[in-house]
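Structure, as structure tokens:
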Amino acid sequence: VQLVESGGGLVQAGGSLRLSCAASGRTLSGYAMGWFRQAPGKERVFVATIAASGYPSYTDSVKGRFTISRDNAKNTVNLQMNSLKPEDTAVYFCAARDRAAGAGRDGLYSYWGQGTQVTVSS
């Protein structure tokens, strides 16, 4: 499975961005997907996951602001980010795991994209 993220960029605080993750090589319909982020000098951390069933889960800091969704027909996963804050600045990574259940630990994911930069200015 190859994953390619897009949609990152520079946005002012309070603004929105929509990240997309396009997969090739295999259909994603049976895979749980996740978004993680890594800020400069920090470890990569969990942001959101969506099970094969479509059930989502989020880290507390993004609940109510971010929405993860999947389009199995297009083999994509999206992350809609609203009310962005400077602390959301990071490289965002898409990941896939060959299990149906979503997960918050990066070690449970087998496939990763190269990341897309999100910068939120104050």
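The values are calculated or read from the model by the stated rules, or taken from the named source; none is laboratory data. Note that the structure is predicted; figures quoted are calculated from it, not measured. A quick note on method: Cβ atoms are made from the backbone with ideal geometry, for glycine too, and the neighbour counts reach across all protein chains shown. These accessible areas exclude ligands, DNA and RNA; they are computed on the full protein's heavy atoms, side chains included. Shrake-Rupley method; radii C 1.70, N 1.55, O 1.52, S 1.80 Å.
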Look at SER83 and say whether it is among the hydroxyl-bearing types (Ser, Thr, Tyr), in contact with a helix residue (DSSP H, G or I) (Cβ under 9 Å, 6 or more places away or on another chain) and at pLDDT 95 or above.
no
Exactly one of GLY14, GLY41 is in a loop (DSSP other than H, G, I, E, B), out of contact with any helix residue (DSSP H, G or I) (no Cβ under 9 Å at 6 or more places or on another chain) and in contact (Cβ under 8 Å) with a residue 40 or more places away in the chain, and that one is GLY14
What's the total number of residues in region 1-51 that are within 12 Å of VAL77 (Cβ to Cβ) and either out of contact with any strand residue (DSSP E or B) (no Cβ under 6 Å at 6 or more places or on another chain) or open to solvent by 50 Å² or more (accessible area, probe 1.4 Å) (or both)?
5
Can you name the number of the only condition in (1) open to solvent by less than 30 Å² (accessible area, probe 1.4 Å); (2) part of a strand (DSSP E or B); (3) in contact with a Leu (Cβ under 8 Å, 6 or more places away or on another chain) that LEU84 fails?
(2)
Take ARG70 and tell me if it is of a type in the set (D, E, K, R), open to solvent by 20 Å² or more (accessible area, probe 1.4 Å) and in contact (Cβ under 8 Å) with a residue 24 or more places away in the chain.
yes
Do you know which residues across region 87-105 are open to solvent by less than 60 Å² (accessible area, probe 1.4 Å) and within 19 Å of PRO40 (Cβ to Cβ)?
ASP88, THR89, ALA90, VAL91, TYR92, PHE93
Would you please name the residue that is nearest to the chain's Cα centre (by Cα), looking only at residues in region 52-67 that are farther than 20 Å from LEU28 by Cα and either open to solvent by 60 Å² or more (accessible area, probe 1.4 Å) or touching a residue at least 40 places away in the same chain (Cβ under 8 Å) (or both)?
THR59
